[in-house]
1. For region 23-51, which residues satisfy the criterion of being more than 18 Å from residue 95 (Cβ to Cβ) and either charged (D, E, K, R) or loosely packed, with under 14 Cβ neighbours inside 10 Å (or both)?
2. How about region 52-64: which of its residues are buried (at least 22 other Cβ atoms within 10 Å of the Cβ) and either small (Gly, Ala, Ser) or within 12 Å of residue 34 (Cα to Cα) (or both)?
3. Report whether or not residue 64 is touching a residue at least 24 places away in the same chain (Cβ under 8 Å) and either in a helix (DSSP H, G or I) or within 22 Å of residue 15 (Cβ to Cβ) (or both).
4. Being outside any helix (DSSP H, G or I) and under 22 Å from residue 16 (Cα atoms) is the filter here; which residues of region 67-106 pass it?
5. Just a yes or no: is a residue in region 35-49 within 19 Å of residue 125 (Cβ to Cβ), modelled with pLDDT of 95 or more and not basic (Lys, Arg)?
6. Anything in region 54-91 that is more than 23 Å from residue 30 (Cα to Cα) and not hydroxyl-bearing (Ser, Thr, Tyr)? List them, or say none.
Amino acid sequence: MKNEKKIISTDKAPAAIGPYSQAIAVGNLVFTSGQIPINPQSGLVEAEGITAQAEQVMINLDAVLTAAGTSLDNAVKTTCFLSDMSDFAAFNEVYSKYFKGNPARSCVAVKALPKGVLCEVEVIATL
């Protein structure tokens, strides 16, 4: 049996700002694109500071995974991007509220993120 790709889309998370999907489901896995702290209602980055931005990112990821038929509880791998590694502890405090199952994770500092945000997160989850 061939694994078909299904594009996941929801208006409860920011629309893609480039040539990509919010997520793709294939087989029993969902692969999200990186989510940044854009408010899906306004299309703007409104949150200031790492704590507020991380909260918006988690809300956006939850919306994408819910649209796919899964949840943050089913995350098996995350990749986290921070614009400043000195935000690591504050980011982890928010992250740990949303990812209770301790998925595998990579967390790296990057030179810059889209729209000048402080964090971005992508998730692989089971359906």
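1. Across region 23-51, the qualifying residues are 26, 27, 28, 41, 42, 43, 44, 46, 48.
2. Restricting attention to region 52-64, the residues satisfying the condition of being buried (at least 22 other Cβ atoms within 10 Å of the Cβ) are 53-54, 56-57, 60-61, 64.
54, 57, 60, 61, 64, listed by residue number.
3. Details: touching a residue at least 24 places away in the same chain (Cβ under 8 Å): yes; either in a helix (DSSP H, G or I) or within 22 Å of residue 15 (Cβ to Cβ) (or both): yes.
Considered against the rule, which asks whether it is touching a residue at least 24 places away in the same chain (Cβ under 8 Å) and either in a helix (DSSP H, G or I) or within 22 Å of residue 15 (Cβ to Cβ) (or both), residue 64 comes out as yes.
4. To start, the set of residues in region 67-106 that are outside any helix (DSSP H, G or I) comprises 69-71, 75-84, 99-106.
Matches in region 67-106: 69, 70, 71, 75, 77, 78, 79, 80, 81, 82, 83.
5. Initially, region 35-49 is screened for residues within 19 Å of residue 125 (Cβ to Cβ), giving 35-36.
Now drop any that are not modelled with pLDDT of 95 or more, which leaves 35-36.
Subsequent filtering for residues that are not basic (Lys, Arg) retains 35-36.
Within region 35-49 (the criterion being within 19 Å of residue 125 (Cβ to Cβ), modelled with pLDDT of 95 or more and not basic (Lys, Arg)), the answer is yes, since at least one residue qualifies.
6. First pass over region 54-91, keeping only residues more than 23 Å from residue 30 (Cα to Cα): 83-91.
84, 85, 87, 88, 89, 90, 91 - these are the residues of region 54-91 that are more than 23 Å from residue 30 (Cα to Cα) and not hydroxyl-bearing (Ser, Thr, Tyr).
Results for (1) of a type in the set (A, V, I, L, M); (2) within 13 Å of the chain's Cα centre (by Cα), shown as yes or no for each residue.
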site	(1), (2)
82	yes, yes
95	no, yes
100	no, no
105	no, yes
110	yes, no
114	no, no
119	no, yes
123	yes, yes
126	no, no
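The values are calculated or read from the model by the stated rules, or taken from the named source; none is laboratory data. It should be emphasised that the depicted structure is a prediction, and the values quoted were computed from it without experimental measurement. Counting neighbours? That spans all protein chains shown, and the Cβs are built from the backbone with ideal geometry, glycine included.
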